[in-house]
Amino acid sequence: MNPSSRPSVLSKVDPALFDLIERDIEAIKQRHRDDLGEKDVRYIKGLRTKSRLFEVIGRGLLWISPEPITFSLGVFFTWLHRNLESIEIGHNVLHGQYDYFDEIPQFHSHNFKWKAPVDEEGWRREHNAMHHVHTNVYEMDPDLNHGILRTNEQTPWNRRHLFQVPTYLLAAYPTMLYQFNSQNLGFGQKFREKHFPRGNEGYACVTHPGVSDQELEKRHRLSILRVLVKEYAVFPLLALATGFSFWKVFLGNLLADAINNYWISMTIQATHFTEPLQPADAIKHKGRWYLSQLDSSVNFKGSRRMSVLWGHLNYQTEHHLFPDIPSHRYPDMAREVKAVCAKYGIDYKLNPNWFAAIRNYVGVMWKYSFPPAQATSTTREHHA
């Protein structure tokens, strides 16, 4: 029996359904792969052009802003640029969504340099090779429990978990992009090994065979510094050198950075519905694996325009089923996936809006902040 409070859908599905699910989901994927072409190239190139335009507007306004309104607009457009580069361009390009197109090698996953403080190779190893393969599998999915987070009953509880809600909402999320390397390069698991009573039990560990700790630290520093130097030294100093305020540009970049980190954190976390845990052997059958993805992701409703700002991760189900298909296709693919779910009586998880998705996720964080009822009862009996 799965120790999570709600059993996986795979525990009650007729195995004969696996082949049917595989056939229908594969058909959706193949139809869109066959249709890939110029419109996908135009989309990603157009998005990069818009991102650069927003950067020019945002940084220009921050540079010259004589009053709060232009300063606020500068923060907004700088955030738009940082957001697009981080989540709709960077995240999706590194999934290989544009590797199909020879004419845009700058958007091929192994050529791409992320305009975010994240080591690309570490992210590919943790995110693509582990999280997207073993989604919600205990001790195999690093995104299930990361940092000090506890999101299911099976993970051993300790006193640090009491503070996970304020820790994440007030401290971790405003700087989340800067903390990705901690998980992707294995630094976080060293902290748990040292400070958690049962070490990394309940958490998936990321390994980098053949890579020294010194090399990992170097990669971490370089990925962080390329953002910090640009945002908090180069642009503020250029403003100062041209007679404008160093601190106004510094503060504007800081606000745009914090908003971007918080926005992305809440988008990602709200669409990774952490219940229930999935069986480790789901990967042995593609149809069974597709079902596990449907069971461990949740979407939320939003317009097509807003979906771009969420990196189309409001279509988390489609992203987990088709991670290497260009994300702007997810709204259309979602209709087809929903039809497959209705055909076979499978729950298609959809929150009515972003705020409901956030509320549900924070509810999961709060629920597992506390020790299991059995452990609490045992503690009370011991003290009696």
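The values are calculated or read from the model by the stated rules, or taken from the named source; none is laboratory data. This one's a predicted model, so the numbers in the text were calculated from it and none came from an experiment. Cβ: placed from backbone, ideal geometry, glycine included. Neighbour counts: every protein chain shown. Side chains included, ligands, DNA and RNA excluded: accessible areas come from the protein's heavy atoms. Shrake-Rupley method; radii C 1.70, N 1.55, O 1.52, S 1.80 Å.
Key figures
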| quantity | calculated |
| --- | --- |
| Residue in the stretch 203-218 that is charged (D, E, K, R) and in contact (Cβ under 8 Å) with a residue 40 or more places away in the chain present | no |
| Qualifying residue in the stretch 286-304 (condition: over 22 Å from the mean Cα position of the chain (by Cα) and crowded, with 19+ Cβ neighbours inside 10 Å) | yes |
| Subset of the stretch 139-170 (residues that are touching a helix residue (DSSP H, G or I) at 6+ places or on another chain (Cβ under 7 Å), of a type outside the set (S, T, N, Q) and not in a helix (DSSP H, G or I)) | M140, D141, P142, D143, H146, G147, I148, L149, R150, W157 |
| Helices (runs of 4 or more DSSP H) within the stretch 183-262 that include 1 or more residues among the β-branched types (V, I, T) | 213-229 |
| Residue check, P372 surrounded by 13 or more Cβ atoms within 10 Å (Cβ to Cβ) and closer than 26 Å to F18 by Cα | no |
| Flag if R198 is open to solvent by 90 Å² or more (accessible area, probe 1.4 Å), touching a residue at least 24 places away in the same chain (Cβ under 8 Å) and among the charged types (D, E, K, R) | yes |
| Residue check, L84 open to solvent by 10 Å² or more (accessible area, probe 1.4 Å) and in contact (Cβ under 8 Å) with a residue 60 or more places away in the chain | no |
| Looking only at the stretch 318-335, and only at residues there that are out of contact with any His (no Cβ under 9 Å at 6 or more places or on another chain) and touching a residue at least 24 places away in the same chain (Cβ under 8 Å), the one that is surrounded by the most Cβ atoms within 10 Å (Cβ to Cβ) | L321 |
| Positions within the stretch 132-145 being surrounded by 21 or more Cβ atoms within 10 Å (Cβ to Cβ) and over 17 Å from L216 (Cβ atoms), in sequence order | H134, T135, N136, V137, Y138, D141, D143, L144, N145 |
| One residue from R6, R42, R52, R31 being more than 17 Å from Q106 (Cα to Cα), open to solvent by 70 Å² or more (accessible area, probe 1.4 Å), modelled with pLDDT of 80 or more and of a type in the set (K, R) | R31 |
| Qualifying residue in the stretch 94-102 (condition: of a type in the set (A, V, I, L, M, F, W, C), crowded, with 21+ Cβ neighbours inside 10 Å and more than 20 Å from N181 (Cα to Cα)) | no |
| Selected residue (only one of R124, R160 is under 24 Å from Q278 (Cβ atoms), open to solvent by 30 Å² or more (accessible area, probe 1.4 Å), of a type outside the set (A, V, I, L, M) and without any contact (Cβ under 8 Å) to a residue 40 or more places away in the chain) | R124 |
| Any helices (runs of 4 or more DSSP H) falling wholly within the stretch 265-350 and containing at least 2 residues that are among the aromatic types (F, W, Y) | 286-296, 330-344 |
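Quick grid of which residues meet (1) among the basic types (K, R); (2) within 20 Å of the chain's Cα centre (by Cα):
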position: N200; (1), (2): no, no
position: A204; (1), (2): no, yes
position: R226; (1), (2): yes, no
position: F235; (1), (2): no, no
position: F244; (1), (2): no, no
position: W263; (1), (2): no, yes
position: T271; (1), (2): no, yes
position: Q278; (1), (2): no, yes
